[in-house]
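Heads up, the thing below is written out as C-alpha cells.
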Amino acid sequence: MQDTSSKEAADAVLDSRAMGQLQLLRAHHPAAGAMLSRLGRRISYPRGVPAQAADARHTRINATIGQVTDGAGGALAMPLVRELLGPLDPDDAVLYAAQGGEPLLRTAWSEWQARDPRVARAARSLPVVTQGLTHALGIVADLFIDPETRVLVPDPCWGNYRGGLGLRRGARIDTYPLLQGDRLAVDEIARTLASESRPTVMVVNMPGNPVGFTPTQADAEALAEVLRSAPGPLVVVCDDAYLGMGWEPGLLEGSFFGLLEGADPERLLAVKVDGATKELFLFGARVGFLTFQAEPEVAAVLEDKAKAVARATVSSMSRVGQELVLQTLRHAQLGVQRDAICQVLAGRYRALRVAIDAHGLEAFPYNSGFFVLLKVSEPEAVRRRLLERGVGVVAFPEVGAVRLSYGSVDEADVTELVGELAAAIAHVAATSAPSVHDTVASSS
Ligand SMILES: Cc1ncc(COP(=O)(O)O)c(C=O)c1O
C-alpha cells in the first residue's frame, strides 16, 4: 500500500540508525536530507547475513554465507565452469560479489571517472555497483522520488525514465525542453525549473538518447549555473550512459556532473549514473554505477542507503560481469581498443551526415552518442514501411520522429539506410492516411 502520510509523520517510525542518518544529512547536506523519499528515509543497510559475512571474511572457519566454497574461502566450481571462465579466476567469478560491488572494481571505476579533471576534484562517494544503468536510476528513484516529487526529464528523452522514475514511484513525469533551435534551451529550462517550487529530481543526459545531442561547453556551463543557483531542494541526476562519445569540436567535455562540483549542499545534490554498458561497449555485462557528489560523511550515508535498496531488490550483482569490467579497466590495451570502436562510430556518424544532407532530411541536432532523430510526419507508418523493406528503426510518434541507431549499422550500409528512409517517407506521404499507430507513445 502506498504510504501517503507526510514525510515528517513517517519519521516517527524511523529506527535509531535511520534517524541518525537523516539528522546527519539534514545537518551536512540539507538538500539530500530534504529530498530523501519516505523509503529513502527508512532504509539503511541491514546488519544481516552479508554484513555479518563481511565481518567474518578473515576468520579461520567461516560458517556465515550461504554459498559453497572449498572450505578455505575459495571457489568450489565445476570443472566445466572453470573451463568456460577461461583466464578469469574462479574465485573472482563464481563466488558472491560484495554488496554494493567489488571493492577493487569500485576503486577502478572511480579512477576511470577521474579522467575528467572536474569529476576528479569533486568530493564524491565511491561508485556503488548496480545491475546496469537502469538499476542505478531505479535506486535513485527509490531514494528520492515520492508521488509528490517533481520529476523533470528532457523532452525528448529515453522512454524508460517514465517507468523507472515515474510509474514505479507513483510520480508524474514532467518534461523540460531540451532544445531551442540547434542549441540547448538554457533559458527555457531555467523558466521550467523556476515555474514550481516542489522538491525536484531532474535528469540531465548528455550525450542523450534519443537525440544524440551534446551542448557546447559554454551552454552546458550556463545550464550548470542555472541549476547551482536554483533554490532547491534539487537532485540532479547526470545520466552519463554515452559519456565520451562526442563527434564534433567544442562540445561539453566530460560529465555534466563535474560542472556541478562545489554546488551548495543546502540546495543541490548531484548524482552520477554511468557504467560499462555503453562506455566500455559491454552491453550484456550489466555493470552500472551510482555515485553521489558529497563530502565523505554524507557520501557514506547515501552509499549505505543505495546498497540497502540494492540488497532489498537484486542483492549482490553479477560477479562475472564485475570481474570482466575490472579486468577491462586494468588492461593495457583499453585506451587503444576503445578509441578504435569510437573511430568506427565517428565514421558512421560522418557517413550519416553526408547521407542525411544529401536527401534533405530534417533531423533534431545531433553530434554525439550513437543516435539520430529524424523528423517525419507519420513515424509509425514509416517504421512499418521500412520493416517491409527489411530495415528496422524506432518510431517516436510523440515527437514526430524516427530514431536511427548507428551503433548497430555498418558504415557501408548507412547510405542505403538513409535512402530507404527517404523512400519510405515519400511512400507513406503518397499512399497513406494518418495511422492510428502514430498516437501510440514509443519507448526504448
Ligand atoms: C540514456 C540511457 N540511460 C540509461 C540506459 C540504460 O542502460 P543499461 O542498459 O545499462 O541499463 C540507456 C540504455 O539505452 C540509455 O539510453
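The values are calculated or read from the model by the stated rules, or taken from the named source; none is laboratory data. Every value quoted in this text rests on a predicted model; they were computed, and no experiment measured them. All Cβ positions, even for glycine, are placed from backbone atoms using ideal geometry, and neighbour counts span all protein chains on display.
Here's a check for you: in the stretch 302-319, which residue that is β-branched (Val, Ile, Thr) and surrounded by fewer than 20 Cβ atoms within 10 Å (Cβ to Cβ) is farthest from the ligand (Cβ to nearest atom)?
313
What residue, of 211, 273, 236, is at pLDDT 95 or above, in a loop (DSSP other than H, G, I, E, B) and within 16 Å of the ligand (Cβ to nearest atom)?
211
Considering each residue of the stretch 323-370, count those that are among the acidic types (Asp, Glu), crowded, with 16+ Cβ neighbours inside 10 Å and not assigned by TED's automatic domain parsing to the domain that holds residue 109, and give that number. Step through it out loud before you land on a result.
Looking only at the stretch 323-370, we keep the residues that are among the acidic types (Asp, Glu), and these are 323, 339, 357, 362.
Then keep just the ones that are crowded, with 16+ Cβ neighbours inside 10 Å; that gives 323.
Now drop any that are not not assigned by TED's automatic domain parsing to the domain that holds residue 109, which leaves none.
Adding up the residues that qualify gives 0.
With the condition kept exactly as written, say whether any residue in the stretch 173-190 is at pLDDT 95 or above, surrounded by 15 or more Cβ atoms within 10 Å (Cβ to Cβ), within 14 Å of the ligand (Cβ to nearest atom) and not β-branched (Val, Ile, Thr).
Looking through the stretch 173-190, at least one residue is at pLDDT 95 or above, surrounded by 15 or more Cβ atoms within 10 Å (Cβ to Cβ), within 14 Å of the ligand (Cβ to nearest atom) and not β-branched (Val, Ile, Thr).
With the condition kept exactly as written, say whether any residue in the stretch 132-142 is more than 13 Å from the ligand (Cβ to nearest atom), outside the structural domain of residue 366 (by TED's automatic domain parsing) and of a type in the set (Val, Ile, Thr).
Within the stretch 132-142 (the criterion being more than 13 Å from the ligand (Cβ to nearest atom), outside the structural domain of residue 366 (by TED's automatic domain parsing) and of a type in the set (Val, Ile, Thr)), the answer is no, since none of the residues qualifies.
Report every pair of residues separated by at least 6 positions or lying on different chains whose Cβ atoms are under 7 Å apart, first residue within the stretch 88-111 and under 23 Å from residue 274 (Cβ atoms), second of a type in the set (Ser, Thr, Tyr).
Partner pairs satisfying both residue conditions: 97/316; 99/316.
For the stretch 389-419, how many residues meet the condition of being aliphatic (A, V, I, L, M), touching a Lys or Arg at 6+ places or on another chain (Cβ under 7 Å) and more than 12 Å from residue 349 (Cα to Cα)?
5
Could you list, in sequence order, all residues of the stretch 86-112 that are part of a helix (DSSP H, G or I) and within 16 Å of the ligand (Cβ to nearest atom)?
Those that are part of a helix (DSSP H, G or I) and within 16 Å of the ligand (Cβ to nearest atom): 105, 109, 112.
With respect to residue 444, is the statement that it is outside the structural domain of residue 182 (by TED's automatic domain parsing), more than 19 Å from residue 211 (Cβ to Cβ) and modelled with pLDDT under 95 true?
It is false that residue 444 is outside the structural domain of residue 182 (by TED's automatic domain parsing), more than 19 Å from residue 211 (Cβ to Cβ) and modelled with pLDDT under 95.
Could you check how many residues of the stretch 375-409 are free of Cβ contacts under 8 Å to residues at least 60 places away in the same chain, farther than 17 Å from residue 156 by Cβ and not hydroxyl-bearing (Ser, Thr, Tyr)?
10
Residue check: is residue 398 closer than 15 Å to residue 209 by Cα, surrounded by 16 or more Cβ atoms within 10 Å (Cβ to Cβ), outside the structural domain of residue 179 (by TED's automatic domain parsing) and among the acidic types (Asp, Glu)?
On the way: closer than 15 Å to residue 209 by Cα: yes; surrounded by 16 or more Cβ atoms within 10 Å (Cβ to Cβ): yes; outside the structural domain of residue 179 (by TED's automatic domain parsing): yes; among the acidic types (Asp, Glu): yes.
In short, yes.
Could you count how many residues in the stretch 287-301 are away from the ligand (no atom under 16 Å from the Cβ) and under 13 Å from residue 136 (Cα atoms)?
Taking the stretch 287-301 and keeping what is away from the ligand (no atom under 16 Å from the Cβ), we get 292-301.
Those left that are additionally under 13 Å from residue 136 (Cα atoms): 292.
Going through the stretch 287-301 one residue at a time, the tally reaches 1.
Let me confirm something: among 207, 199, which residue is closer than 26 Å to residue 370 by Cβ and either charged (D, E, K, R) or not assigned by TED's automatic domain parsing to the domain that holds residue 404 (or both)?
Only one candidate passes the filter, namely 207.
Would you mind stating whether residue 237 is under 22 Å from residue 34 (Cβ atoms), touching a residue at least 24 places away in the same chain (Cβ under 8 Å) and either aromatic (Phe, Trp, Tyr) or in contact with a strand residue (DSSP E or B) (Cβ under 7 Å, 6 or more places away or on another chain) (or both)?
Criteria met by residue 237.
Identify, by number, the condition in (1) farther than 30 Å from residue 149 by Cα; (2) out of contact with any helix residue (DSSP H, G or I) (no Cβ under 6 Å at 6 or more places or on another chain); (3) surrounded by 12 or more Cβ atoms within 10 Å (Cβ to Cβ) that residue 92 doesn't meet.
Every condition holds for residue 92 apart from (2).
Among the residues of the stretch 276-303, what is the count of those that are over 17 Å from residue 111 (Cβ atoms), in contact with a helix residue (DSSP H, G or I) (Cβ under 7 Å, 6 or more places away or on another chain) and part of a helix (DSSP H, G or I)?
Residues in the stretch 276-303 being over 17 Å from residue 111 (Cβ atoms), in contact with a helix residue (DSSP H, G or I) (Cβ under 7 Å, 6 or more places away or on another chain) and part of a helix (DSSP H, G or I): 7 in total.
Which residues, taken from the stretch 239-270, are under 18 Å from residue 202 (Cβ atoms), outside any loop (DSSP other than H, G, I, E, B) and within 16 Å of the ligand (Cβ to nearest atom)?
Residues satisfying the conditions are 239, 256, 257.
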